[in-house]
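The values are calculated or read from the model by the stated rules, or taken from the named source; none is laboratory data. This one's a predicted model, so the numbers in the text were calculated from it and none came from an experiment. Glycine gets a Cβ as well: all are built from the backbone with ideal geometry, and neighbour counts include every protein chain shown. Heavy atoms of the whole protein, side chains included, go into the accessibility calculation; ligands, DNA and RNA do not. Shrake-Rupley method; radii C 1.70, N 1.55, O 1.52, S 1.80 Å.
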Amino acid sequence: QGLLARISDLLLCRWTCRNCCQKCFDCSCCQTNEDEVEILGPFPAQTPAWLISSQNEDKDGDSDNAISELPPTLQDVSPDRRRSSSDTSRSTYSLTRRISSLESRRPSSPLIDIKPIEFGIIGAKKEIVQPTILRKTYTPDDYFRKFEPRLYSLDSNSDDMDSLTDEEILSKYQLGMLHFSTQYDLLHNYLIVRVIEAKDLPPPISYDGSRQDMAHSNPYVKICLLPDQKNSKQTGVKRKTQNPVFEERYTFEIPFLEAQRRTLLLTVVDFDKFSRHCVIGKVSMPLSDVDLVKGGHWWKALVPSSQNEVELGELLLSLNYLPSAGRLNVDIIRAKQLLQTDMSQGSDPFVKIQLVHGLKLTKTKKTSCMRGTIDPFYNESFSFKVPQEELENASLVFTVYGHNVKSSNDFIGRIVIGQYSTGAPESSHWRRMLSAHRTAVEQWHSLRSRQECDRVSPASLEVT
C-alpha cells in the first residue's frame, strides 16, 4: 500500500493500529490469541449476552470450555470448519480484549433518587383541600313552601293535550274548532297553509257595558311557524260572526327539512277597535307528525292560550349622533305585524317622533301614511338639533298610529328611547348610539301600550 493510503487509513479508519499504522486485522501486534473469542460479522452495537456470560464463568479455561459456551450455531460447526473460520478471521472483527476494556472504562449511569417536590409555606400545617359544599338547613315549612298547587290541580291548563281527543278538548274548553290544510310544494320549495273556516267560537266577554254589539266576535287568524313568531301572517277580519269562513291561502318559503322541524301555530283573535285584541284560542301541530308532501285537511279544537293579548307589532329604527354638528339623526326604516286598526283594509299606519328635553316637549315630526298594510316600509330620515351638553337629558318618543278619517287616529303602540327609556332594549340602543361615534345603530323594538309607557317613562306623559 502507498504512504498516502496509510495516512488516510490512519486519519479516517477508527480501527487503524497506532503502533504500525496498519489495519488491526492486518497487523501482527493485534492478532488474536487463545484467550480471545472470535466475533463473526460486523461489530455489534452492544456486547452479546452470551459473550459476557462466557467471560464471567470461565475466563482462564481452555478453548474446549470456551467453545461449549458459544451459541448453538457455533457449537455445531465441525473442527475443520472452525479452523477455516480462524484462518479467515483476519477479514473479520476480533475485539474481545478491546471490548472488555471499553466495558470496564464505560462509566455507569448514576441512579438519582428524585423525591416529589411539595410547594407551600414552610412550617404551615398541611390540610386536605376539597371543595366545600354549602348546605342550607331547611325547616319542614320551607319544603312545603316550594310546592305550587296549580301544577297538581286537576283543572290546570298545563294538562297534556296530547292525551285528550278533539271531542274532549271541545267539551272541556268550548272554544270552537278550526278547519285548515297544509301541503309542501317540492317544486318551488315553500309550505302552503290554507285557513278555511272556524265554527262555534265563543262570544266575547264584555268588561264595558257601553259597548254596542257584544253578541258576536270579529275574528281573524294569525299563522306562524314556531319557534319563529316574528314572521307571521294573518287573515282578514270577519265581522260579527261566530262561524267565520276565511278561505285564505298563505305560503312560507322554507326548506323541506327545516319545515319538518317546525310547529304550525294558528291563533284565533277577536278584533277590538277600542282596546287590545283578545286571543280566543289556538291550535298547534308539529309538522313532523304529518305528511307534508301528500298534504291534508284537519278540524282541530281550539285550546286556551297563555297569551291573552296579541302583540302590538315591531318598529325598526336607526340612530346616529354627530357631536361636531350637534345633530341627532333618526331613521324610521320599517315596521311589521302592527296591530290591525281597520276591520276592512288592515291599517293606515304612520309614526310620530317627538323630542323631549327633560320633561318639556320641544319638537314633533311624523312619517308619511302607508295605506292598507300592517307591514309598512318607510325609509324616512329626520334630524333634530341637540347640543352635546343637552344630549344626556334628551328623550325620543316614537308613537305608531293608524290613520282614521272619521275620528281621531287609532293608537297602535309606543316606545321611548333616551333619558326616560321604557325598557332595557331601548336603553341599550341609546347607549350603543352614544358609544358608536358618527355610526348609525339599528335595532328592532317591540311596541308597548300607552298605559305601560306612562307608568315607566315620565317623557311619555308629556306627549299626546
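At 0.36 nm per residue, and after removing the present C-alpha to C-alpha distance, how many nm does the segment from D272 to L164 gain when stretched out fully? The partial results should precede the final answer.
On the way: separation 108, 0.36 × 108 = 38.88 nm, distance 3.16 nm.
Stretched out fully, the D272 to L164 stretch lengthens by 35.7 nm.
Pairs of Cα atoms under 8 Å, at least six residues apart: use those to get the relative contact order of region 313-462, whole percent.
Relative contact order here is 28 percent.
How do T464, T367 stack up against each other in accessible area, from largest to smallest, with a 1.4 angstrom probe?
Highest to lowest solvent-accessible surface, that is T464, T367.
Once label points are set 7 Å from the Cα along Cα→Cβ at both E248 and R6, what is their separation, rounded to one decimal in nm?
Result: 11.6 nm between the two label points.
Testing the spin-label approximation: label points 7 Å from Cα along Cα→Cβ at K199 and D289. State their distance in nm.
2.2
K366's amide H: which non-local residues (gap 5+, or another chain) put their own amide H closer than 5 Å, with H modeled 1.01 Å from N in plane and none for Pro or chain starts?
I353
Given the protein chains as shown and a 1.4 Å probe, how many square angstrom of T422 are accessible, to the nearest 10?
10
Considering only DSSP beta bridges where both residues belong to region 313-462, give the percentage that are antiparallel (nearest 5).
That works out to approximately 100 percent antiparallel.
Output the peptides 406-413, 385-392 sorted from most to least packed, where packing is the average of other Cβ atoms within 10 Å over each peptide's residues.
406-413, 385-392
Please compute the net charge surrounding K363, taking Lys and Arg as +1 and Asp and Glu as -1 over other residues with Cβ under 15 Å from its Cβ. It would help to have the intermediate numbers written out before the result.
Numbers: positive: R327, K352, K360, K365, K366, K385; negative: E390, E462.
Charge balance in the 15 Å sphere: +4.
Would you mind getting me the FRET efficiency between Y173 and L316? Use the beta-carbon distance for r and R0 = 30 Å, nearest 0.05.
Working: r = 37 Å, r/R0 = 1.24.
The formula returns an efficiency of 0.20 here.
Using a 1.4 Å probe on the protein heavy atoms only, what accessible surface does H188 show? Give it in Å² to the nearest 10.
Surface accessible to solvent at H188 totals approximately 110 Å².
Run the numbers on region 313-358 and let me know its relative contact order in percent, using alpha-carbon pairs under 8 Å that are six or more apart.
Computed value for region 313-358: 32 percent relative contact order.
What would the Debye equation give as log₁₀ I(q)/I(0) for region 313-462 at q = 0.12, 0.21 Å⁻¹, counting only Cα atoms as equal point scatterers?
Each listed q corresponds, in turn, to -0.47, -1.37.
Using the structure shown, select from K240/K282; K233/K363; K222/K352; K230/K363; K240/K406 the pairs with a Cα to Cα distance greater than 30 angstrom.
Beyond 30 Å between Cα atoms: K233/K363; K230/K363.
Please give the contour-minus-distance gain from Q388 to C369: 0.36 nm per residue of separation, less the Cα-Cα distance, rounded to one decimal in nm.
Value of the extension gain: 3.6 nm.
Using the per-residue mean of other Cβ atoms lying within 10 Å as a proxy for protection, in what order, highest first, do the peptides 286-293, 331-338, 352-359 fall?
Values: 286-293: 13.4, 331-338: 20.4, 352-359: 18.9.
Descending mean neighbour count gives 331-338, 352-359, 286-293.
Give me the net charge of R194's neighbourhood, meaning all other residues with Cβ under 9 Å from the Cβ of R194; Lys, Arg count +1, Asp, Glu -1. Mind dumping the intermediate values first?
On the way: positive: R249; negative: E247, E248.
Computed value for this residue: -1.
Among the chymotrypsin sites (Phe, Trp or Tyr not before Pro) in region 234-309, which ones are in a DSSP loop with at most 16 other Cβ atoms within 10 Å of the Cβ? Mind listing them?
In loop regions of region 234-309 (DSSP not H, G, I, E or B), the sparsely surrounded chymotrypsin sites (Phe, Trp or Tyr not before Pro) are F274.
Calculate, in nm to one decimal, what R327 and T241 gain on full extension: separation in residues at 0.36 nm each, minus their alpha carbon distance.
Full-extension gain reported as 25.7 nm.
Taking the Cα centre of region 313-462 as origin, work out the dipole magnitude from +1 charges on Lys and Arg Cβ and -1 charges on Asp and Glu Cβ, in debye rounded to 20.
For this selection, approximately 200 debye.
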